[in-house]
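In what follows, a single structure is set out as structure tokens and then discussed.
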Amino acid sequence: MQQFNALKPGDSVEIIAPASRSTDLQLSKIKTLLESWELKCIVSKEIFGNDLLCANTDKIRLKLLISALENPDTKAVICVRGGYGSMRLIPSLAKIIPPSFKIFVGMSDITSLHLFFDKHWHWPTIHGSFTEDKVSPDSIARLKSILFKENNNIRLVGVPLNDLARNEQLIEGKLIGGNLCLVQSSIGTLWQLDGNDKIILLEEIGERGYKVDRMLEHLRQANILTSAKAIIIGDFLEGFEPDGSSLINQVLERFANECKIPVIKIAGIGHGYNNIPIVLGTKIRLKLGNQIELLC
């Protein structure tokens, strides 16, 4: 399992947009933030262009992604946002020789790349965001701490969602996953999530109860979850019914009680203002019981 070296002042990083575009202001703020950490930022003039759905055409986004991954002079690749489009690049990305490992940061639609890098290149990646107007200063400080390895002991607390998670025990396994919609979209692809002996993280935003239930049921029937060690439910935000109510919690509780493996809830991992970054593709420990602890 790969381990990334800590960033240090003076290192170069590249900002890319493999999915949707951000605003010019958001891009500028991310660049300014990274430069305030004494990092040198590379941003291609082609990062944004004309496309039906994405930050630029598939051809240009793929070119910039591969260039950033293969650049020997940079230590990290930062995705400016999620949105949509990363999965469109994977069939072509899979044809290249895996480059030397480097730090890769993104979330949401970038889940597809997290899954691909884990499955085919065995890279750990960071699930997190730098967008200052959308995530809290504490979340960004946590992300900086991971990048610069200022704190090697991360501890998060959670709650059990089913009886199996209430049984006191210690579970160890590799953490994989991310956005539920993208995990579901991976089914049948070359980047399909492999849940065997893994701890699976799922989070979502903007999907109503029945859609969340449908995605989870699809994962169950496709046997994606069968051989996993545990499931971590992060934040499932918004997704309100037409009358303003929400069925999300009830859907998640029913799902957890139907699962044959421990299911736990850790608030703050996902799309919220409190956006706890976490490293995927590395081993973590889960202390189960009435109070859950995630240690990595």
Exercise. Those residues that are in contact (Cβ under 8 Å) with a residue 40 or more places away in the chain, part of a loop (DSSP other than H, G, I, E, B) and under 14 Å from residue 66 (Cα atoms), I need them from segment 93-140; list them, please.
Key: 94, 101, 102
Quiz item: Going by the conditions given, is residue 75 within 25 Å of residue 282 (Cα to Cα), basic (Lys, Arg) and in contact with a Leu (Cβ under 8 Å, 6 or more places away or on another chain)?
Solution: yes
Self-check item: Residues satisfying the stated conditions in segment 251-286, i.e. touching a helix residue (DSSP H, G or I) at 6+ places or on another chain (Cβ under 7 Å) and among the polar types (S, T, N, Q)
Solution: 274, 275
Practice problem: Evaluate the following for residue 205: is it of a type in the set (Val, Ile, Thr) and farther than 30 Å from residue 243 by Cα? | Solution: no
Quiz item: Of the conditions (1) within 23 Å of residue 60 (Cβ to Cβ); (2) assigned to a strand (DSSP E or B); (3) among the hydrophobic types (A, V, I, L, M, F, W, C), residue 90 fails just one. Which one is it?
Solution: (2)
Exercise. Identify the residue in segment 183-208 that is of a type in the set (D, E, K, R) and more than 17 Å from residue 109 (Cβ to Cβ) and, among all such residues, is surrounded by the fewest Cβ atoms within 10 Å (Cβ to Cβ).
Key: 197
Quiz item: Somewhere in segment 50-68, is a residue under 18 Å from the mean Cα position of the chain (by Cα) and either closer than 21 Å to residue 11 by Cβ or surrounded by fewer than 21 Cβ atoms within 10 Å (Cβ to Cβ) (or both)?
Solution: yes
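In segment 69-87, what count of residues is obtained for those that are within 28 Å of residue 8 (Cβ to Cβ), assigned to a loop (DSSP other than H, G, I, E, B) and under 16 Å from the mean Cα position of the chain (by Cα)? Walk me through how you get there before you give the answer.
At the first step, the residues of segment 69-87 found to be within 28 Å of residue 8 (Cβ to Cβ) are 69-82.
Cutting the leftovers down to assigned to a loop (DSSP other than H, G, I, E, B) gives us 71-75, 80-82.
Checking which are under 16 Å from the mean Cα position of the chain (by Cα) leaves us with 80-82.
Residues meeting the conditions: 3.
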Quiz item: Quick one: is residue 44 farther than 30 Å from residue 283 by Cα, in contact with a helix residue (DSSP H, G or I) (Cβ under 9 Å, 6 or more places away or on another chain) and among the small types (Gly, Ala, Ser)?
Solution: yes
Practice problem: Report yes if residue 219 is farther than 30 Å from residue 153 by Cα and of a type in the set (A, V, I, L, M), otherwise no. | Solution: yes
Exercise. Select from segment 228-261 the residues that are under 21 Å from the mean Cα position of the chain (by Cα) and part of a loop (DSSP other than H, G, I, E, B) and write down the one among them that is surrounded by the fewest Cβ atoms within 10 Å (Cβ to Cβ).
Key: 238
Quiz item: For residue 101, are the conditions met, namely being over 17 Å from the mean Cα position of the chain (by Cα), more than 19 Å from residue 60 (Cα to Cα) and surrounded by fewer than 24 Cβ atoms within 10 Å (Cβ to Cβ)?
Solution: yes
Quiz prompt | Meets criteria (farther than 19 Å from residue 139 by Cβ and surrounded by 15 or more Cβ atoms within 10 Å (Cβ to Cβ)) for residue 81 | solution = no
Quiz item: Of the conditions (1) surrounded by 15 or more Cβ atoms within 10 Å (Cβ to Cβ); (2) over 16 Å from residue 4 (Cα atoms); (3) over 17 Å from the mean Cα position of the chain (by Cα), residue 113 fails just one. Which one is it?
Solution: (3)
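Read the figures in this text as sums done on the coordinates, not as results from a lab. If you're wondering where the values come from, they're calculated on a predicted model, not measured in any experiment. We place every Cβ from the backbone using ideal geometry, glycine too, and count neighbours over all the protein chains shown.
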